[in-house]
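So the structure is just underneath, and the comments pick up after that.
The values are calculated or read from the model by the stated rules, or taken from the named source; none is laboratory data. The shown structure was predicted, so the numbers you read here are calculated from the model rather than taken from an experiment. Don't worry about glycine lacking a Cβ; one is built from the backbone with ideal geometry, like all the others, and counts go over all protein chains shown.
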């Protein structure tokens with residue numbers, strides 16, 4: 001039996017933010033997974049194990065709360081997968097798998113790898129466009145990365161509003177890269193996917209298709225049907 005608890009450690013310095021961490025408990029062995037999420041004592045509900053969002057820091061706290069929920073969901077998925085594999089594992093194995101999954105499913109890491117591939121193929125202008133788009137999205141996220149399975153229509157609407165508020169022309173390069181191969185599996189023609197993604201050639205679309213993780217794509221099957 002494996003359980004997850006969300007804990008808060010107050011700062012030893014008065015007036016400073018404390019840290020949030022996860023407790024992974026498996027076979028009575030407790031391990032700690034630290035995070036970079038920091039809130040004040042007054043912003044933490046110890047009984048409910050959740051952040052209290054106040055008006056003064058609403059945007060910051062909502063962002064932390066969102067990321068914390070993503071982490072919790074990924075931890076649950078890691079544990080479920082380990083249990084389904086029907087092999088013996090430890091609390092340390094859960095943390096190791098979580099770190100590996102987080103790195104593999106990071107949007108920023110994924111985009112950097114795709115940009116590097118575009119440069120290698122001589123697609124300089126496309127790589128520059130994607131680099132500018134990534135920088136814009138990173139500014140919107142205040143440098144906080146996002147897992148690929150955290151890219152939702154709601155998040156894209158917020159990004160669109162962010163651009164409009166700054167009177168920036170909305171870039172048509174979407175962040176639904178994880179849905180490309182799901183579209184391919186549904187026999188959507190490559191030319192249609194290419195046009196819908198705003199790519200300058202089918203070769204660019206193929207780069208994305210070759211880069212995506214199958215495990216991520218499987219989760220996107222339902223979403224792609226709505227997006228196409």
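For residue 133, are the conditions met, namely being surrounded by 11 or more Cβ atoms within 10 Å (Cβ to Cβ), at pLDDT below 80 and within 18 Å of the chain's Cα centre (by Cα)?
Considered against the rule, which asks whether it is surrounded by 11 or more Cβ atoms within 10 Å (Cβ to Cβ), at pLDDT below 80 and within 18 Å of the chain's Cα centre (by Cα), residue 133 comes out as no.
For region 86-139, how many residues meet the condition of being assigned to a loop (DSSP other than H, G, I, E, B) and touching a strand residue (DSSP E or B) at 6+ places or on another chain (Cβ under 8 Å)?
Number of matching residues: 3.
Tell me whether region 141-160 contains one or more residues that are at pLDDT 85 or above, surrounded by fewer than 19 Cβ atoms within 10 Å (Cβ to Cβ), outside the structural domain of residue 27 (by TED's automatic domain parsing) and over 22 Å from residue 37 (Cβ atoms).
Among the residues of region 141-160, not one is at pLDDT 85 or above, surrounded by fewer than 19 Cβ atoms within 10 Å (Cβ to Cβ), outside the structural domain of residue 27 (by TED's automatic domain parsing) and over 22 Å from residue 37 (Cβ atoms), which makes the answer no.
What is the one condition in (1) surrounded by fewer than 17 Cβ atoms within 10 Å (Cβ to Cβ); (2) modelled with pLDDT of 85 or more that residue 109 does not satisfy?
Single failed check for residue 109: (2).
Determine whether region 47-62 contains at least one residue that is in a strand (DSSP E or B), in the same structural domain as residue 96 (by TED's automatic domain parsing), at pLDDT 90 or above and under 23 Å from residue 140 (Cα atoms).
Looking for residues that are in a strand (DSSP E or B), in the same structural domain as residue 96 (by TED's automatic domain parsing), at pLDDT 90 or above and under 23 Å from residue 140 (Cα atoms), one finds at least one in region 47-62, hence yes.
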